[in-house]
Amino acid sequence: MDKYVIAPPQGSTNNSVGASDRKWKEGHFESLPNWQEYLAESTGYGIVSGCETTISGLTVTVGAGVAHLANGTRKEIAQTNITLDNADSTNPRIDLVYINADGEVAKVTGTAAASPSAPDVPTGGISVCNVTIAAEATVGVVDDVRKNVTLINTTSHYGMTGDTSTNKYNKFVDMLNKNSFIIIDEPVLIDGEQINASDKIIICVGRGKVYTQNGIIISGDNNKISVTLEFSNHKGLYVSGNNNLLENCIVYRTEKATYPATQYNNGCLAISGINNKIYGGEVYNGGFGIRISSGSSQSVECAYIHDTFTGILVGSSIDSILRNNTIININMGSSDGADGILVKDPSRRIKIIENRIDTIIEHGMYVQSSDSIVDNNIVSNCTSCGIKLASYEDTESGFYNENSIVSHNVCYGNGDTDVYLQNTCINTLVDGNILLSGNEISIHAVKVSNMEYTPNKKITVINNKCISKISIASEGNIVISNNISTGIEKSSSYENDFTRISDNVCSSSIYVAKSNKSVVTGNKCKAITFNSGTNTVTDNYIELEKDYIINYINDFSRNTIETSGFVIKQSLNYTNLKRFCDNIFYCSGSPSSAWVTNPTSGTLKGCIFSGNRFSGCGSVSALNIYGDYNLGVNNISDSTNSAPINIRGNNSVVANNITIPNE
């Protein structure tokens, strides 16, 4: 025997089992057969060799190979056949073939869908391949996703021993060209041009850290990067390409940046391309924290972003997601653009879900993208509004914020409106939010006076709990339903038809301006008033706090009105009231005049007053109406007046009314 496998104890010339026939030599380790392969296997996690895949019909053959399991076990994989389930009759499906935690080849059957996704790899598993199976197909298509990890050279790390004054850019690039796995476990300085790299794993461990002045730009696909990086100029780590994972990266500027003129172009961490993912980590002190520059299907999840000018900036992206991030203390420079999340047009279909946003100089989030979802976020202590949707259209792009949803968010402590819709928002849904900031308006759809853009259209506000008023400026159909608020206002900025306000609970009044053919029904409030049009008011519960003016109402029916002495009036010679039926009136005090009246010069014509019930009239008339061709029938009152139902004018009829003494 001329090779030692077991090293001697420190200071000994004998090996650790006591043999003294051979002295230990440092070179003996290098003479071990295949030692580099063994070391690679001991530091990697995945398929070391083999396991190539072929397919025949729906049977996948995984060739023999070697894998290093998650628990540290080296496992020789025998050739295995896996038969997949039959195809779906309607939609395609993606199945996963993998090596499980016990080292056995197994499968996970995916879910058939119009746009299917590959199943997640079970805990402790190693991907071998994905198999796409078209609807009704008898043959699958294999996408080989084996992950092969090798060591960088004869040591298990790449880095410097505390020297950060020498630029190791060229060495770093050379290592990337030769190896797929780089571990940085000491501080290192890297400054240079764009780096091209694909299918690499780059991680910092222990004291590992990257210093850079002008940033690191990596271009390529399928990289996994987990680094700590400090930059001193404007750019940190920028990654472009497809299917890259930036996991638990810590990226920060040496000194907190001052307000830069190009704040949207300089920052900590940026991605562009397709299907890139930032997961976890922390960024701070940059112009922006994280930026999705361009591309599609990107994601930023579980990141901690603080002390930047803008938290997360989405420049131009489609089908990307921002989820479960914490964004606080966005407090640098001017308030213009200092948002927790800023999504710029022409982005589309952005999902902003389950984020925590707090202490922001301007907006908690400012979303200019269409078809986007803002759901289940907590937004608090923003100087301006909590959640803002808007668009900045121009004659070239014709961009509008269309079909977006703001739902199930909680907002509190914000300095302005909690949910703010700035023209042009079209077909926008605000649903199920809890809005507690306590300003004058909780949900505000507005027309900005110095922006002559297309009006807001088709705004729907439902199921919200607001501590303040709801105010909507919009053309087209407006629906405001099942909300709790201090009041509701359809503002006078735009004219519209067919506003529907239903089943809301308001501690003050409902006011509808410049609207025609609107319906206000099923609400509880203090009053319901209009300033134009012919509108319908039915099935409401109204607690009057002052005399109630019912101009511009065509149908006032099945309402319950309770008052301590205030009455209902028409203040104008308004002729369009046609139906005043089946209402219940209750007065706990003394009415100041007839329950319902109009001007003595009234021109009200052709209105039916029928089936109403008046209680607490005292000595005043229940109805005191002036005009021709009106009908008062089947009403009940407890008025002691000699004319309890008093309708004056030519060709008017009063019949079958009942007076019941007030007991």
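The values are calculated or read from the model by the stated rules, or taken from the named source; none is laboratory data. Because the structure is predicted, anything quoted here is derived from the model rather than measured. Ideal geometry is used to build each Cβ from the backbone, glycine not excepted, and the neighbour counts take in all protein chains shown. Calculation scope for accessible area: heavy atoms of the full protein, side chains included, ligands and nucleic acids excluded. Shrake-Rupley method; radii C 1.70, N 1.55, O 1.52, S 1.80 Å.
Those strands (runs of 3 or more DSSP E) of the stretch 546-640 in which 2 or more residues are aromatic (Phe, Trp, Tyr) occupy 584-587.
Among the candidates 556, 585, 609, 566, the residue that is surrounded by 23 or more Cβ atoms within 10 Å (Cβ to Cβ), among the aromatic types (Phe, Trp, Tyr) and in contact with an Asp or Glu (Cβ under 9 Å, 6 or more places away or on another chain) is uniquely 585. In the set (1) open to solvent by 50 Å² or more (accessible area, probe 1.4 Å); (2) not in a loop (DSSP other than H, G, I, E, B), the condition left unmet by residue 60 is number (1). The set of residues in the stretch 462-497 that are hydrophobic (A, V, I, L, M, F, W, C), closer than 17 Å to residue 411 by Cβ and surrounded by fewer than 24 Cβ atoms within 10 Å (Cβ to Cβ) comprises 462, 467, 484. Here residue 290 fulfils each of the conditions (1) of a type outside the set (D, E, K, R); (2) over 19 Å from the mean Cα position of the chain (by Cα); (3) within 25 Å of residue 351 (Cβ to Cβ); (4) open to solvent by less than 20 Å² (accessible area, probe 1.4 Å) apart from (2). Mind listing whichever residues of the stretch 178-198 are among the acidic types (Asp, Glu) and either within 20 Å of residue 248 (Cβ to Cβ) or crowded, with 19+ Cβ neighbours inside 10 Å (or both)? Within the stretch 178-198, 185, 186 meet the criteria. A search for C-beta distances below 7 Å between a residue of the stretch 504-516 that is without any contact (Cβ under 8 Å) to a residue 40 or more places away in the chain and closer than 14 Å to residue 537 by Cα and any residue that is among the β-branched types (Val, Ile, Thr) and surrounded by fewer than 20 Cβ atoms within 10 Å (Cβ to Cβ), counting only pairs 6+ apart in sequence or on different chains, returns 509/529; 511/529; 516/534.
Within the stretch 367-383, the set of residues being over 11 Å from the mean Cα position of the chain (by Cα), part of a strand (DSSP E or B) and within 12 Å of residue 347 (Cβ to Cβ) comprises just one member, 370. Considering (1) within 28 Å of residue 198 (Cβ to Cβ); (2) assigned to a strand (DSSP E or B); (3) modelled with pLDDT of 85 or more, the lone condition that residue 76 does not fulfil carries the number (1).
How many residues are hydroxyl-bearing (Ser, Thr, Tyr), at pLDDT 90 or above and assigned to a strand (DSSP E or B) if we restrict to the stretch 100-143? Total satisfying the criteria: 1.
For the stretch 415-453, filtering for residues that are modelled with pLDDT under 85 and open to solvent by less than 10 Å² (accessible area, probe 1.4 Å) leaves 2.
Might you check whether a residue that is surrounded by fewer than 24 Cβ atoms within 10 Å (Cβ to Cβ) and at pLDDT 95 or above occurs anywhere in the stretch 393-405? Yes, the stretch 393-405 has at least one match. Can we say residue 624 is in contact with a strand residue (DSSP E or B) (Cβ under 6 Å, 6 or more places away or on another chain), modelled with pLDDT of 90 or more and within 25 Å of residue 538 (Cβ to Cβ)? Spelling it out, it is not the case that residue 624 is in contact with a strand residue (DSSP E or B) (Cβ under 6 Å, 6 or more places away or on another chain), modelled with pLDDT of 90 or more and within 25 Å of residue 538 (Cβ to Cβ). So which residues in the stretch 321-345 are open to solvent by 50 Å² or more (accessible area, probe 1.4 Å), farther than 12 Å from residue 357 by Cα and modelled with pLDDT of 80 or more, if there are any at all? Answer for the stretch 321-345, where residues must be open to solvent by 50 Å² or more (accessible area, probe 1.4 Å), farther than 12 Å from residue 357 by Cα and modelled with pLDDT of 80 or more: just 344. Scan 241, 289 and give me the residue that is outside any loop (DSSP other than H, G, I, E, B), closer than 27 Å to residue 186 by Cα and not hydrophobic (A, V, I, L, M, F, W, C). Just one listed residue meets the conditions, 289. Of 52, 37, 26, all but one fail to be modelled with pLDDT under 90, within 18 Å of residue 143 (Cα to Cα) and not small (Gly, Ala, Ser); the exception is 52. If you filter the stretch 454-489 down to residues that are closer than 14 Å to residue 518 by Cβ and in contact with a Phe, Trp or Tyr (Cβ under 7 Å, 6 or more places away or on another chain), you find that the one that is modelled with the highest pLDDT is 489. Any residue in the stretch 505-513 that is over 29 Å from residue 351 (Cα atoms), modelled with pLDDT under 90, buried (at least 18 other Cβ atoms within 10 Å of the Cβ) and of a type outside the set (Asp, Glu)? Among the residues of the stretch 505-513, at least one is over 29 Å from residue 351 (Cα atoms), modelled with pLDDT under 90, buried (at least 18 other Cβ atoms within 10 Å of the Cβ) and of a type outside the set (Asp, Glu), which makes the answer yes.
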